[in-house]
Amino acid sequence: MRELVYFVGVSIDGRIAGPGGEYDFYPQGDERQAAAYSGWVNERYPEFLPTAFRSAVGLADAPNRHVDTVLMGLGAYRPALDAGITSPYAHLRQYVVSSTLGASPDPAVTVVDGDPLALVRELKKEEGEKDIWLCGGGRLAGALLPEIDRMVVKSYPVVAGAGIPAFDGEFDPTAFVVTERKSFGNGVTITWYARR
């Protein structure tokens, strides 16, 4: 069965973005460290790069290794829309969960204004070997916590102080186990979790 994977970057205090959706405060290290880190991540997870950036790093034709579908809340989709990009992950099947967006601005993007849990449960039943990527944001992650099977958490050595939490939902302690961890010279640690 297909799984739901939350692939996300977080600050020390658990923020995925600042109060205005900022994410440029995550430290990348010096040029060499940033290149080593981003090169490793991009090679291992090419499908998590927006389509417009894939060719710039030599991954335009890279196959999707882990997922074939992406789920985004409106907050995660909005930066692309604001930049005039209506299909940010054209190499994936795209869903935006929003009760306020209205009609989709692009035929390649499906807007879902209903229950995201029902959507994920239907997607998980589909045939296929590739999983479903939960791109964000925090409210959507909070709503989908019962269906998150695995997480890949990129932890950055910075405190945001305020902003969008990685999970914004009801109190629902949910146990996960660490399956792998990797540290980089720029201070970023990636931890892989599986639902206990």
Sorted by Cβ neighbour density within 10 Å, fewest at the top, the residues Tyr23, Tyr77: Tyr23, Tyr77
Cα centre as origin, Lys/Arg/Asp/Glu Cβ charges: the stretch 86-196 dipole, Debye: 460 debye
Inter-probe distance in nm under a simple model that places probes 7 Å from Cα toward Cβ, at Phe53 and Ala83: 0.7 nm
Karplus 3J(HN,Hα) series, Hz, for the stretch 9-14 with 6.51 cos²θ - 1.76 cosθ + 1.60 (x for Gly, Pro): x, 9, 7, 4, 8, x
Extension gain (nm, one decimal) between Glu126 and Glu22, 0.36 nm per residue minus Cα-Cα: 34.0 nm
Farthest toward positive dipole pole in the chain [+1 Lys/Arg, -1 Asp/Glu at C-beta], among Ala34, Ile148, Phe53: Ala34
Cα centroid separation - the stretch 63-127 against the stretch 19-40, whole Å: 25 Å
GNM flexibility winner over the chain from Glu147, Glu170, Glu43 (Cα, springs under 10 Å): Glu170
Trypsin sites (Lys or Arg not before Pro) lying in DSSP loop within the stretch 55-132, provided at most 14 other Cβ fall within 10 Å: Arg65
Sites Asp115 and Met1, calculated FRET efficiency, Cβ-Cβ separation with R0 30 Å, nearest 0.05: 0.95
Relative contact order, percent, the stretch 4-183 [alpha-carbon distance under 8 Å, six or more residues apart]: 38 percent
Spatially proximal lysines relative to Lys154 (Cα-Cα < 23 Å; intrachain offsets below 8 disregarded): Lys130, Lys182
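Which order do Met1, Met72, Met151 fall in if you start with the one that has the fewest other Cβ atoms within 10 Å? Can you show the working numbers first?
Numbers: Met1 8, Met72 23, Met151 20.
Least to most surrounded, the residues fall as Met1, Met151, Met72.
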Amide H within-cut-off set for Arg93, under 5 Å, with H built and near neighbours excluded: Thr69, Val70
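None of the figures in this text is laboratory data; all of them are computed from the coordinates on show. Quick caveat, the model's predicted, so the values are computed rather than measured. Neighbour counts are summed over all protein chains in view; Cβ atoms, including those assigned to glycine, are modelled from backbone coordinates with ideal geometry.
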